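Encoded as structure tokens, the structure appears first; notes follow it.
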Amino acid sequence: GSGIQEQGSGSARPQPPEPSLLRFLVCPLSRKPLRYEEATNELINEELGIAYPIIDGIPNMVPEAARMTHKKPPAENSEK
């Protein structure tokens, strides 16, 4: 059987997107610029609290692929 060849030897480091590309990327939902988070290799939308994953240096800008970065949204109508 033919196994899938992995490129490079050693630890697989997350590949950041092209800096020139980052300047033009905006969130498809809010149309606002995104912040690159090196620790998680994601593009962060602080306003909406979502993060888009970056796979092999290519941002996955599909809203369904984004994960929520906030644990809990602030409860505005919480009854006491």
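The values are calculated or read from the model by the stated rules, or taken from the named source; none is laboratory data. If you're wondering where the values come from, they're calculated on a predicted model, not measured in any experiment. Just the protein is used for accessible areas: all its heavy atoms, side chains included, with ligands, DNA and RNA removed. Shrake-Rupley method; radii C 1.70, N 1.55, O 1.52, S 1.80 Å.
Solvent-accessible area per residue for the stretch 22-68 at a 1.4 Å probe radius, Å²?
Details: 2980 Å² over 47 residues.
Dividing the accessible area of the stretch 22-68 by its residue count gives 63 Å².
Report the extension gain between F24 and T69 in nm, rounded to one decimal, defined as 0.36 nm multiplied by the number of residues separating them, less their alpha carbon distance.
14.0 nm
Assign one of three labels to the stretch 22-68, namely rounded, prolate or oblate, based on the Cα gyration tensor with a ≥ b ≥ c the square roots of its eigenvalues; rounded applies when a/c is under 1.5, prolate when it is not and a/b is larger than b/c, and oblate otherwise.
Taking the square roots of the gyration eigenvalues as a ≥ b ≥ c, the stretch 22-68 is rounded.
Can you give the relative contact order of the stretch 22-68 as a percent, counting alpha carbon pairs under 8 Å and 6+ residues apart?
Computed value for the stretch 22-68: 26 percent relative contact order.
So who's got an amide H within less than 5 Å of the one on I50, skipping anything under 5 residues away but keeping other chains? H placed 1.01 Å off N, in plane.
N45, T69
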